[in-house]
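Worksheet for the structure shown next.
Bear in mind that the values in this text are calculations on the coordinates, not laboratory data. Here the structure is a predicted model, which is why all the values come from computation and not from measurement. A quick note on method: Cβ atoms are made from the backbone with ideal geometry, for glycine too, and the neighbour counts reach across all protein chains shown.
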Amino acid sequence: MRTSHRYWLFGALIAIIALVAVACGDDGDDEPTPGDDETPAATEPVDTGEVPGVTDTEVVLGTHTSLTGPIAAYNVIPNFTAAYFNYINATEGGVNGRMITYLQEDDQYSPPMAVDLTRKLVEQDGIFAMFNALGTPNHLQVVNFLQEQGVPDMYVATGAVEWVEDPAARPLVFGSNPNYNGEGLVLGKYVADSFPGGKYGVIYQNDDFGQDGLVGIKLGVNDEAELVGEHSYEVTDADLNSQIALLRDAEADAVIMFVTPLLLGNAIRHARQDLNWDTQFVISAVSMNELTALIAGEENIAGTVGPVATYMAWQDENEGIANHKSILEEHGVGTASGATAASVLTLYAQYVAELMTETLRLAGDELTRASLVEAAESIEGWTCSICLFPVTLGPDDHDPGQAVALGVYANGRIEITGPGYSWEGVAVADLSVDSLQEIEVPADALP
């Protein structure tokens, strides 16, 4: 890993170790307001007459996100998204002749602030659509309000099943990254295929993130290996040493972990260096990044397997990655230690920004909220410039991320090895190991 990137990695660590709390589930400190239950009744969008946030020359999107506060380093995502929209405005004159304005409201990862700021975006700023709002606990507070106001709720920044399991109940809500049931399904299948008749254990965070993953894991293993321990942990736990020790004593051949990067990296370091345990670690996409390797140590994390959905930032020969870095250089936000480096966060930001841009394009010249939703539901076989697999959506499918490839830590980086798996078009409730279809990984993504 290049030295210039190491400084950036340390600077971004605060954001990544909070990943699950932000993108996955409720941490228990903040409860949804009355009426904002997890399975609200479907509501009819309000007919507003004129289209808010749309003129002949502009379309206004908004988001509640974390620009400052305890996870301030996460501002890489909305900042790069804004940079990508600026790039589209500068090079293509916007979308269908309309420049994209992107209003970012800083909720500091506070649900009450998210409520106030969302009302401001809708009632005062008159946004056309909410886009890539960050965090399940915060967004649970406002999702029903957005539906009641008829505001499209596009590509929420989380993989929680909450947002994609029932499009009929929330017809204006779309997810973004692969949901954790599907991801767990792939990881469970990997263990079943690699260790048939063997033993495996699971360590998972005790919230939507880990619980969704655990459901998928068990479906994927499908009794092909013996579960010798499933151990939860809380976000506030200092380490996972006891869970690791229990699974070592149970002689697990593989350990699947739906765990945040700091705890996961330290757990792998402990297993390798302190316990001299050479079990196979299999991890969720939450921790499949550069920072986890930095925490665990390059030698300790080598051989660890997990899912990926984009090309890797080191693959400069790929045209999409090269262009991504050019946008970063021209529009990216610097840090105290220098320019922001391409990373899992910036690549995710480009994916969702490209997806939103394509949705606006398909919505056409006569842009309305209804045409935006219809456009999203018409996307079929579209692939972003840095993505491995295409996106397909529909009226009954608001889950764009339904395919991943397997990657492995090797040679000081994440290498995409395959195979790729898709559960495209399968509802969350219907997922099973038979849902997975093996698909081809682009040849230029492989080492």
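Using a cutoff of 8 angstrom between alpha carbon atoms and counting only pairs six or more residues apart, the relative contact order for the chain works out to 17 percent. For the chain, the mean residue ellipticity at 222 nm estimated from helices alone is -10500 deg cm²/dmol, where every DSSP H run of n ≥ 4 contributes -39500 (n - 2.57) and the total is divided by all residues, rounded to the nearest 500. Here segment 93-225 yields Rg over Rh of 1.11, to two decimals, using C-alpha coordinates and the Kirkwood radius. Distance between Cα centroids, segment 390-447 to segment 87-150: provide it in whole Å. What the calculation gives is 29 Å, centre to centre. In a DSSP loop and with at most 14 other Cβ atoms within 10 Å, there are no trypsin sites (Lys or Arg not before Pro) in segment 173-251.
The simple Förster model, with R0 at 51 Å and r as the Cβ-Cβ distance, assigns A250 and K325 a FRET efficiency of 0.70. Among the GluC sites (Glu not before Pro) found in segment 341-447, those both in a DSSP coil and sparsely packed, with 11 or fewer other Cβ atoms within 10 Å of their Cβ, are E366, E380, E440. Considering only D397, D278, D253, the Gaussian network model of the chain with Cα springs below 10 Å gives its largest mean-square fluctuation to D278. As a ratio to 2.2 N^0.38 Å, the alpha-carbon radius of gyration for segment 107-154 is 1.00. Across segment 213-273, Cα-Cα pairs farther apart than 17 Å form 40% of the total. Note that the chain carries a Kirkwood radius of 22.0 Å, evaluated over its alpha carbons pair by pair.
With all projection directions averaged, the alpha carbon convex hull of segment 244-299 covers 3.4 nm².
When Rg and Dmax are taken over the Cα atoms of segment 234-390, they come to 20.1, 64 Å. Put simply, the C-alpha atoms of segment 328-417 give a gyration tensor, and the ellipsoid matching it has half-axes of 30, 20, 9 Å, longest first. Contact order for segment 198-255, expressed relative to its length and based on alpha carbon pairs under 8 Å spaced 6+ residues apart, stands at 53 percent.
Angle of helix 208-221 to the longest C-alpha principal axis of the chain, folded into 0 to 90 degrees and rounded to 10: 60°.
To the nearest ten degrees, helix 3-17 and the longest principal axis of the Cα atoms of the chain are 80 degrees apart.
A viscosity of 1.306 mPa s and a temperature of 10 °C, combined with the Kirkwood radius over Cα pairs in Stokes-Einstein, give a translational diffusion coefficient for segment 127-200 of 115 µm²/s. Seen from a random direction on average, the alpha-carbon convex hull of segment 48-135 projects onto 5.9 square nanometres.
Modelled spin-label separation between T383 and D223, with each label point placed 7 Å from Cα along the Cα-to-Cβ direction: 3.8 nm. Between segment 241-317 and segment 155-234, the alpha-carbon centres lie 17 Å apart.
For q values of 0.27 Å⁻¹, compute log₁₀ I(q)/I(0) with the Debye formula on a Cα-only model of segment 403-447, without solvent. The computed values of log10 I(q)/I(0) come out as -0.91. To the nearest ten degrees, helix 319-331 and the longest principal axis of the Cα atoms of the chain are 60 degrees apart.
Per-residue extension of 0.36 nm, minus the Cα-Cα distance of D237 and D365, leaves a gain of 40.9 nm for this segment.
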